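Single-structure report; data block below.
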Amino acid sequence: VSGARRALVVGGGIGGLAAALGLQRRGWDVRVLERRTAGAVAAQPGSGISVWPNGARALAALGVREQVLAGAALAGRGGVRTPSGRWVARTDIGGAVRDRFGLPLLITTRERLAAGLAGALGAGRVEYGVTVDAVDAEAPAALAGGLAREADLVVIADGARSRLRGAVLPAVPELRYAGYTSWRFIAPRPAGPAEPAETWGRGGQRFAILPLDEERVYCYATAACAAGGHAADERQELRRRFSAWHPPIPELLGALAPGTVIRTDITCLAGVPAAWHRHQAALLGDAAHAMTPDLGQGGCQALEDAATLAALLPAGLTRDGVRRALAEYSGHRADRAAAVARRSARAGRLYQSPAWLRALAARASGAVPARAVARALAPVVDWEPPPDTAPPPGA
Ligand SMILES: Cc1cc2nc3c(=O)[nH]c(=O)nc-3n(C[C@H](O)[C@H](O)[C@H](O)COP(=O)(O)OP(=O)(O)OC[C@H]3O[C@@H](n4cnc5c(N)ncnc54)[C@H](O)[C@@H]3O)c2cc1C
């Protein structure tokens, strides 16, 4: 877009791509600077992601809900099991979410989500293999490989381990280990019924199976352990921990191909900052609000950030207009993301606690009223993007 105002987005994860797309649709000339090479992105092992109605509404506001979520699996009836396979809670969470919030709970792959966003953005908008070393919020500019790239707006979406937060925040909160690690993988769907389920064992061990389509399931597992651990072969570590659990977990683990398991220590920011902007730069996604994944909301919150930013920042804004709009963006997002992060951390502490496990194990297998689940989810899932803000005269 010649003559359009330029926005640089640092980081081409879900948050960065969604922000770039939203800004482009408001008339900005956008570039995404992504550290990974295109080859590394393509070679990344697959994993799944749940998209709740709030994330889907953000995608709708960005104009890509249908195309990005095409082919995603509908979460249906599922529940919680013990390692022996006994169901201790069952509920139709998918139906409850759809009935209460008007949109379903979807499970898709990260690759599909990222590729959908990148595809909508168009060719040549993402520069791969570019590491940003510093951001000057006032200029504003991003420094990469000794070169200052100037813009009218810089969005910092460089993830939970952000090295650029300090460009915006006077005090950078610590990224804390939450006390448990995680494994994720996509595997061939085992024979027989595959109801979505999380199985809970000792030592913070959880194993979840979520069908993706007729051929594949997405699985994640957790365990409480020291930070920074890695096994030479994470498949062996998973087999050691979970092979005695109920079918089809041993079969799934037995058939795993090499190089398919992603291991990630679970971290979260010690506190979500109250303001995410400085001059003409702003934080977005995990860089602003890294949270534990216990509510499946980190990516959905990044999508909310992106839709909000786009709604508040038409490309016609002057320098002062951008600064005011970024302050408004912070105002819209900081409290909301902080509240979701707190709930997520609380859920994580509960799920990892032996007392909770005992309470679950004591339950007779029982239906959990879907309406009650939906009610509990409402503060997190019930979200609407702000309406597009027309540039005020003279802004
Ligand atoms: C086990 C697990 C399960 C999860 N499940 C869900 C779920 O079901 N639903 C959900 O909504 N969320 C989920 N999440 C959270 C979700 O994955 C994250 O919140 C989301 O990916 C954050 O996106 P982002 O774009 O902010 O950051 P990232 O995806 O981390 O992207 C940051 C990007 O910036 C790049 N980068 C970093 N530094 C630089 C630099 N200096 N210069 C240039 N580029 C740089 C990185 O290479 C990366 O591509 C889960 C997380 C985990 C760990």
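The values are calculated or read from the model by the stated rules, or taken from the named source; none is laboratory data. Since the structure is predicted, the reported quantities are computational estimates derived from the model, not experimental observations. Counting neighbours? That spans all protein chains shown, and the Cβs are built from the backbone with ideal geometry, glycine included. Protein only, heavy atoms only, side chains kept; ligands, DNA and RNA dropped before computing areas. Shrake-Rupley method; radii C 1.70, N 1.55, O 1.52, S 1.80 Å.
What the table shows:
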item: Linear extension gain, Arg371 paired with Ala115, 0.36 nm per residue minus alpha-carbon span; result: 88.7 nm
item: Extreme residue, positive dipole direction of the chain, given options Pro258, Ala287, Trp276 (C-beta unit charges); result: Pro258
item: Around Gly316: net Lys/Arg minus Asp/Glu count, Cβ-Cβ under 14 Å; result: +2
item: Most mobile of Leu59, Leu313, Leu360 in a GNM of the chain (Cα contacts under 10 Å); result: Leu360
item: Beta bridge orientation in the chain: antiparallel %, DSSP, nearest 5; result: 70 percent
item: Sites matching GluC sites (Glu not before Pro) across region 167-272 that sit in DSSP coil, with at most 14 neighbouring C-beta atoms within 10 Å; result: Glu174, Glu214, Glu215
item: Solvent exposure, largest accessible area first (probe 1.4 Å, DNA, RNA and ligands not counted), of Val172, Val130; result: Val172, Val130
item: Positive dipole terminus of the chain, leading residue within Ser365, Leu153, Asn54 (C-beta point charges); result: Ser365
item: Estimated FRET transfer efficiency when R0 is 25 angstrom, pair His230-Ser353 (beta carbons, to 0.05); result: 0.50
item: Region 22-156 - Kirkwood radius from inverse mean 1/r over Cα pairs (Å); result: 17.8 Å
item: Heavy-atom accessible surface of the chain: percent carbon and sulfur, 1.4 Å; result: 54 percent
item: Whole-number accessible area per residue in Å² for the chain, which is evaluated in the context of all protein chains at 1.4 Å; result: 42 Å²
item: Per principal axis, descending, Cα span of region 206-331 in whole Å; result: 61, 36, 23
item: Over region 117-230, relative contact order from alpha-carbon pairs under 8 Å, at least 6 apart, %; result: 18 percent
item: Under the span-like rule (Cα at least 27 Å along the axis, Kyte-Doolittle mean at least -1.0), DSSP H helices of the chain; result: 319-351
item: Exposed trypsin sites (Lys or Arg not before Pro) absent - longest run of the chain, DSSP non-H/G/I/E/B, at most 13 other C-beta within 10 Å; result: 203-395
item: Over the chain, volume per residue of the alpha carbon convex hull, in Å³; result: 133 Å³
item: Rounded to the nearest 20 debye, dipole of region 267-395 from Cβ charges on Lys, Arg, Asp, Glu; result: 560 debye
